[in-house]
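**Student:** Structure in structure tokens, see below.
The values are calculated or read from the model by the stated rules, or taken from the named source; none is laboratory data. Because the structure is a prediction, the values reported are computed rather than measured. Quick reminder, even Gly has a Cβ in these numbers, built from the backbone with ideal geometry, and neighbours come from all protein chains shown.
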């Protein structure tokens with residue numbers, strides 16, 4: 001049986017998800033504040049949410065006219081409009097959006113597709129806010145397993161089933177700050193911290 005994951009996927013319920021839920025809600029509220037402070041969106045700004053899932057940015061109560069993009073159809077998407085498209089080839093003009101936003105998407109892409117997707121995000125948005133979990137945070141955020149993403153992949157794959165997620169291990173490869181900077185060379189990297197540790201990385205062009 002699966003429950004709704006605070007990270008947006010289906011997970012098995014248990015003590016880890018009960019603990020992670022409130023923590024993730026606070027982290028999302030903090031990220032919302034960071035987004036508003038860094039991007040300074042207005043009600044009239046056209047905003048593109050790449051990899052929006054079923055809800056995404058449109059439910060966070062931030063200013064802007066949100067267009068959601070996802071490779072899967074999302075009936076009932078709550079934003080201003082929804083476009084089903086491949087993030088590697090976004091069907092929009094250069095600079096069409098005031099802001100390109102993406103939350104926890106790029107780590108799910110094959111390495112060969114990341115540069116192309118990052119270039120498309122940068123092309124269609126005049127400002128950028130692209131978040132991804134930090135590879136060097138000690139807990140893998142999708143499976144809620146400590147250190148598993150630092151192990152050899154053959155071992156990590158075997159341990160993955162002990163985690164809470166139904167996502168396949170090989171589909172998730174977390175990024176470091178250096179790797180994110182390489183994808184967005186004209187952006188600065190903002191660190192989302194838990195105490196002294198960097199939990200997430202955000203590429204910001206503001």
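**Student:** Residue by residue through the stretch 155-168, note down the ones that are outside any loop (DSSP other than H, G, I, E, B), more than 24 Å from residue 202 (Cβ to Cβ) and touching a residue at least 24 places away in the same chain (Cβ under 8 Å).
**Tutor:** none
**Student:** Can you tell me which residues in the stretch 101-125 are touching a residue at least 60 places away in the same chain (Cβ under 8 Å) and in a strand (DSSP E or B)?
**Tutor:** Listed by number, the residues that qualify are 101, 103, 125.
**Student:** Also, quick follow-up: Looking only at residues in the stretch 35-56 that are modelled with pLDDT of 95 or more and part of a helix (DSSP H, G or I), which one is nearest to residue 94 (Cα to Cα)?
**Tutor:** Going through the stretch 35-56, the residues modelled with pLDDT of 95 or more turn out to be 35-52.
Restricting the remaining residues to those that are part of a helix (DSSP H, G or I) gives 35-39.
Details: 35: 22, 36: 23, 37: 25, 38: 22, 39: 19 Å.
Among residues in the stretch 35-56 that are modelled with pLDDT of 95 or more and part of a helix (DSSP H, G or I), the one nearest to residue 94 (Cα to Cα) is 39.
**Student:** If you don't mind, there's one more thing I want to ask. Kindly provide the set of residues from the stretch 59-69 that are surrounded by fewer than 21 Cβ atoms within 10 Å (Cβ to Cβ) and modelled with pLDDT of 95 or more, ordered by number.
**Tutor:** Residues satisfying the conditions are 62, 63, 65.
**Student:** Sticking with this structure for a sec: Quick one: residue 16 ticks every box in (1) out of contact with any strand residue (DSSP E or B) (no Cβ under 6 Å at 6 or more places or on another chain); (2) assigned to a helix (DSSP H, G or I); (3) surrounded by 17 or more Cβ atoms within 10 Å (Cβ to Cβ); (4) modelled with pLDDT under 65 except a single one, so which number is it?
**Tutor:** Checking residue 16 against (1) out of contact with any strand residue (DSSP E or B) (no Cβ under 6 Å at 6 or more places or on another chain); (2) assigned to a helix (DSSP H, G or I); (3) surrounded by 17 or more Cβ atoms within 10 Å (Cβ to Cβ); (4) modelled with pLDDT under 65, the one that fails is (3).
**Student:** Considering each of 126, 158, 114 in turn, give the residue that is more than 18 Å from the chain's Cα centre (by Cα) and closer than 14 Å to residue 184 by Cα.
**Tutor:** Exactly one residue qualifies, and that residue is 126.
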